[in-house]
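Here is the structure we will look at, set down as structure tokens.
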Amino acid sequence: MKFTFRPTILVAMTLAFAAPGAAQEAAPAPTAEATAETPAAPAMSPDQYINNPEYLLNLDLSTGGRVVIQLYPNVAPGHVERLKQLARAGFYDGVKFHRVIDGFMAQTGDPTATGQGGSQLPDLKAEFNPTPHLRGTVSMARAESEDSANSQFFIMFQPRFSLDRRYTAFGRVVSGMQYVDAIQKGEPPAVMSRMVQVSVAADNRPMPSASMLVEAAPPPAAEITADQLNAPIR
């Protein structure tokens, strides 16, 4: 399965949705590619899922702590069930944030950390909804096809309303946003932050030890020798 990013998609979006900030406008939309669909469960009312541990997702990050996401089965039941299914299978444990744009979003969910991977499950039919892409909103990555989301998702650093109704928002961070802010930036980052453990709150998986919630050491800088300093300029 080959995954591609298409910056031109967001360029077209920004032409239609003018928003302040040149850097914000220039950032491409999160993408991932996939092919089939999974039937969605019936929608739920807020009193059935708000603060219900069955619809709270815990992300224990290498940036130092736990991020709690309130899932929204009322607007994206199929996507919520997919995230829960993959979390319970251990699919996300150890997966890295491979594409992180400062002031925009942090993308993860690809076990290959290349932006080209996904799960073996069928792709999801889009569940576009009115949920705005605010700071902390969690939404599904996809390719050009609307029905191509699979396992990759992204967390917003800042609002980006041009993504509304074009990507399936399925939840929002309700605690631990400081650990999202600390995710290493880059496309890809030199050192990739990772999800050490992802679990459904109802399953009561204990948080990993503090020694596990740490970043890998950055690669050492290449040593500059005297010969290199004295080499002729080309």
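The values are calculated or read from the model by the stated rules, or taken from the named source; none is laboratory data. This structure is a prediction, so every number in the text was calculated from the model and none was measured. Cβ sites come from the backbone with ideal geometry, for glycine too, and all protein chains shown count toward neighbours. Just the protein is used for accessible areas: all its heavy atoms, side chains included, with ligands, DNA and RNA removed. Shrake-Rupley method; radii C 1.70, N 1.55, O 1.52, S 1.80 Å.
List the residues, sorted by chain then number, that are 5 or more residues from V67 or on another chain and whose placed amide H is less than 5 Å from its amide H.
Here L59, D60, L61 satisfy the definition.
Ignoring ligands, DNA and RNA, what percent of the 1.4 Å accessible area of the range 82-234 is carbon and sulfur?
54 percent
Checking the a/c ratio against 1.5 first, then a/b against b/c, what shape does the Cα gyration tensor give for the range 86-234?
Here the range 86-234 falls in the prolate category.
Arrange the residues T225, T137 by how much accessible surface each exposes, largest first, with a 1.4 angstrom probe.
T225, T137
Tell me the Kirkwood hydrodynamic radius of the range 97-162 in angstroms, computed as one over the mean inverse distance between distinct C-alpha pairs.
12.4 Å
When the gyration tensor of the range 141-220 is built from Cα positions, what are the square roots of 5 times its three eigenvalues, in whole Å, from largest to smallest?
Computed over the range 141-220, the values are 25, 19, 13 Å.
Quick one: net charge of A202's neighbours, Cβ under 11 Å, K/R +1, D/E -1?
Net charge around A202: +1.
Which cross-chain or sequence-distant (5 or more) residues have an amide H under 5 Å from the amide H of G117, H modelled 1.01 Å from N in plane?
T112
Could you run the Karplus curve 6.51 cos²θ - 1.76 cosθ + 1.60 with θ = phi - 60° over the range 137-151 and give me ³J(HN,Hα) per residue in whole Hz, x for Gly and Pro?
5, 10, 9, 8, 7, 7, 9, 5, 5, 5, 9, 10, 6, 9, 9
For the range 107-220, what is the accessible area per residue in Å² when the probe is 1.4 Å?
On a per-residue basis, the range 107-220 sits at 42 Å².
Counting other C-beta atoms within 10 Å, and keeping those with at most 13, which DSSP coil trypsin sites (Lys or Arg not before Pro) do you find in the range 63-114?
none
Ordered by residue, what ³J(HN,Hα) values in Hz, to whole numbers, does the range 56-69 give under the Karplus form 6.51 cos²θ - 1.76 cosθ + 1.60, where θ = phi - 60° and Gly and Pro are x?
These are the phi-based 3J(HN,Hα) values: 10, 10, 9, 10, 9, 9, 5, 7, x, x, 9, 9, 10, 10 Hz.
Can you work out ³J(HN,Hα) from phi for every residue in the range 88-103, in order, using Karplus 6.51 cos²θ - 1.76 cosθ + 1.60 and θ = phi - 60°, giving whole Hz and x for Gly and Pro?
5, 7, x, 4, 8, 4, x, 6, 9, 8, 8, 9, 9, 10, 4, x
When Lys and Arg each count +1 and Asp and Glu each count -1, what net charge do the other residues less than 12 Å away from G186, Cβ to Cβ, add up to?
Residues close to G186 contribute a combined charge of +1.
Could you name the aspartates and glutamates whose alpha carbon sits less than 18 Å from that of K96, not counting residues in the same chain fewer than 8 places away?
Excluding near neighbours in sequence, the set is E33, D60, D110, D181, E187, E215.
At what distance in angstrom do the alpha carbon centres of the range 136-158 and the range 78-115 lie from each other?
9 Å
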